[in-house]
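Read the figures in this text as sums done on the coordinates, not as results from a lab. These numbers were taken from a predicted model, which means no experiment stands behind them. Glycine gets a Cβ as well: all are built from the backbone with ideal geometry, and neighbour counts include every protein chain shown.
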Amino acid sequence: MAELTSAAAWRRGVAALLDGALGALLWVWSSMCVVAGVWGVRSTPLELEDAAVLAAALVLIAIVLHFVYHVGFIGGCGQTPGRMALGIAVVRRDGRPAGAWRALVRSIGGAFSLLTLGMAAVGMFFPRERRGFADWLAGTRVVRVVRIPSTGSERPSVAVSPPSHPSDGHDPWRGDSTDGRTGTARARISENASL
């Protein structure tokens, strides 16, 4: 199995653009439904205070959709639709699936990176693991995924191999003659991942 490879910045960028476009479409549709509902129950034009409340509700919808989208997809299968299209996934540093809690922490870190105009995410361009602030905070990394063909009755899976240098000094992936490990591991990211 191949070495766990960090995703290139261009792949992450294109995946973010695809996810952003899909998220924008979801937000526009949701906002149109809310605005149409408000206009449908009112017989007079909105006053300034009411328009400000409506604008705040639309911003809140955008924030909630962002967190639900990223936590749902990354926590559920490790990949958003944009990441699926580019063949990358979010995993823990040891290659296991991220899970919902880490996906939530990563989304909060991503919001902080956005507030700093991307300065907190600069770390993804330099180190070998290419981890930005959100990945550092959540203990995750973005990697390329490798398709493992199924053998008979086994379900097809997407695998990632272990990191080349663990953070705690102990490498459970290398294998030890006493524990009989093979030196590779599979992390089922999604059986429906389109690579």
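Could you point to the residue in V35, L4, L60 farthest towards the positive end of the stretch 1-65's charge dipole, with +1 and -1 charges on the Cβ of Lys/Arg and Asp/Glu respectively?
Projecting each Cα onto the dipole axis, the largest value belongs to L4.
Let's see if you can work this out: charge +1 on each Lys and Arg Cβ, -1 on each Asp and Glu Cβ, no other charges. What is the dipole magnitude of the stretch 1-134 about its Cα centre, in debye to the nearest 20? Please list the in-between numbers first.
On the way: 12 positive and 7 negative charges, 148 e Å.
Computed about the Cα centre, the dipole is about 720 debye.
The stretch 30-134: which trypsin sites (Lys or Arg not before Pro) are DSSP loop and have at most 15 other beta-carbon atoms within 10 angstrom? Let's see the in-between values first.
On the way: sites: R42, R83, R92, R93, R102, R106, R128, R130, R131; in loops: R42, R93, R128, R130, R131.
Of the trypsin sites (Lys or Arg not before Pro), the ones in loops of the stretch 30-134 whose Cβ has at most 15 other Cβ atoms within 10 Å are R42, R128.
In terms of the ratio Rg/(2.2 N^0.38 Å) built on C-alpha atoms, what value belongs to the stretch 9-159?
Numbers: Rg = 18.9 Å, N = 151, 2.2 N^0.38 = 14.8 Å.
Relative to the rule-of-thumb radius for its length, the stretch 9-159 sits at 1.27.
For the stretch 62-141, I need the span (max minus min coordinate) of the C-alpha atoms along each principal axis, in Å, sorted largest to smallest.
30, 27, 23
Where does the stretch 1-42 land on Rg/Rh, using Cα atoms and the Kirkwood Rh?
Working: Rg = 18.4 Å, Rh = 13.1 Å.
Reported Rg/Rh (Cα atoms, Kirkwood Rh): 1.41.
Amide H neighbours of A8 under 5 Å, counting only residues 5+ apart in sequence or on other chains, H built in-plane at 1.01 Å?
Amide H neighbours of A8: none.
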